[in-house]
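Enquirer: I am attaching a structure below and will ask some questions about it afterwards.
The values are calculated or read from the model by the stated rules, or taken from the named source; none is laboratory data. Everything quoted here is computed from the prediction, not taken from an experiment. Cβ atoms come from the backbone with ideal geometry, glycine included; neighbour counts cover every protein chain shown. These accessible areas exclude ligands, DNA and RNA; they are computed on the full protein's heavy atoms, side chains included. Shrake-Rupley method; radii C 1.70, N 1.55, O 1.52, S 1.80 Å.
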Amino acid sequence: MGAAKKIRIMLVEREMTLKELSERLNKHPSTISDKMRRDNFSENDLKQIADILDFDYEAVFTDRQTGKKI
């Protein structure tokens with residue numbers, strides 16, 4: 001599941017619109033809309049969005065052979 005889909009789910013959970021999210025991010029709504037359409041977010045974007053929506057954000061790589069998380 002891509003980041004854009006996860007963000008949509010979180011927005012529904014918080015009863016927030018994309019416009020409201022863009023206002024809280026201090027970004028133009030078209031900027032956020034473009035990022036959603038392309039599913040193109042930086043890690044910093046995702047951390048900010050998670051913080052605004054009161055979610056934890058974790059980027060984890062897991063070694064498929066050992067199960068070790070990095």
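Enquirer: State yes or no: is residue 1 of a type outside the set (Phe, Trp, Tyr) and assigned to a loop (DSSP other than H, G, I, E, B)?
Expert: Details: of a type outside the set (Phe, Trp, Tyr): yes; assigned to a loop (DSSP other than H, G, I, E, B): yes.
Yes: the conditions hold for residue 1.
Enquirer: Of all the residues that make up segment 15-65, how many are part of a loop (DSSP other than H, G, I, E, B) and open to solvent by 100 Å² or more (accessible area, probe 1.4 Å)?
Expert: The total comes to 9.
Enquirer: Shifting gears a bit: Residue pairs, Cβ under 7 Å, 6 or more apart or interchain, first in segment 39-54 and closer than 11 Å to residue 11 by Cα, second modelled with pLDDT under 95 and among the hydroxyl-bearing types (Ser, Thr, Tyr). List them.
Expert: 50/57
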